[in-house]
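Below: the structure, in structure tokens.
Just so you know, all these numbers are worked out from the coordinates, no wet-lab data involved. Because the structure is a prediction, the values reported are computed rather than measured. Neighbour counts are summed over all protein chains in view; Cβ atoms, including those assigned to glycine, are modelled from backbone coordinates with ideal geometry.
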Amino acid sequence: MGNPREHQDSAKDPEEEVYAKGWFFDGAWLQEHAVPVESGAHPTRKIVVDLNQGDSVAVLSSGKGKRIWGPNSVETVYWSSGSVSQTIYDLGKAPAIKPYVPRSVKQSASSTDTQTFEWNGERKTAAQWYSHSDRHVSVSKMAFRNRLKVLGWDVHRSLTTPVKASAAAAKHKSKPGIWTFEWNGERKTAQEWYEHPDRHPSVSKETFSARLKNLGWDVHRALTTPSGNKYQA
């Protein structure tokens, strides 16, 4: 399902190793790993990432290239309206949603993820439960972990509940990972449509993508509707 970029592209101070080796979570990673926090066809989705010193996440609504640096806990909300907001909390004061805390991709899940979950009288890590024979084939490793750690589902429900196909994907005749969108007789990717001259300047790339992929908006509406995004510090 993807991982955060392994290291920052460049440190603010090259001599500070903590920044040179920090994690950077870009907008695409946040959107991919956000999970629904309500029911419905187009639910609000959230992700909370805990940042240590030197880590950062992309600011999604206040200009390209800006970042929020740790130590902080950052909640990103993809609202059902198509807008996006981010809120910063001091570590230890994160909101009620359980934070998704990233692990180093250089280490195996079994050696880094020691949190265990009980089912049928047994306690195992998420990685160990993921190999269970009852797991539905549509449940990816990341979806399973988010269900357990972010949504607080029990092991059986997390393993056996099928992942629903996106209504937006069906509407656009696209499949996740092969998203294309038709307008005026042309079919292009979100990235290609985003460069269209009709795009309202307030519409960020992340908001445009969320409108198409999560809300099922048509290309023209997603491009031209002004964004109501707000950055909350």
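The table below lists the values:
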quantity: Segments 115-125, 179-189, 70-80 sorted - mean Cβ within 10 Å per residue, highest first; calculated: 70-80, 179-189, 115-125
quantity: Extension gain, VAL137 back to HIS156 (0.36 nm per residue minus Cα-Cα distance, nm); calculated: 5.4 nm
quantity: Bins of 5 Å from zero: percent of alpha-carbon pairs in segment 20-83; calculated: 4, 18, 26, 24, 15, 8, 4, 1, 0
quantity: Distance between modelled label sites at ARG67 and ARG123, nm, 7 Å Cα→Cβ extension; calculated: 3.7
quantity: Nearest-0.05 FRET efficiency for GLU38 and HIS220, computed from C-beta distance (R0 41 Å); calculated: 0.90
quantity: Subset of LYS188/LYS213; LYS124/LYS149; LYS66/LYS141; LYS149/LYS188; LYS124/LYS213; LYS46/LYS141 violating a 25 Å alpha-carbon distance limit; calculated: LYS66/LYS141; LYS149/LYS188; LYS124/LYS213
quantity: Contour excess over end-to-end distance, with Cα ends at THR114 and GLN53 and 0.36 nm allotted per residue; calculated: 19.7 nm
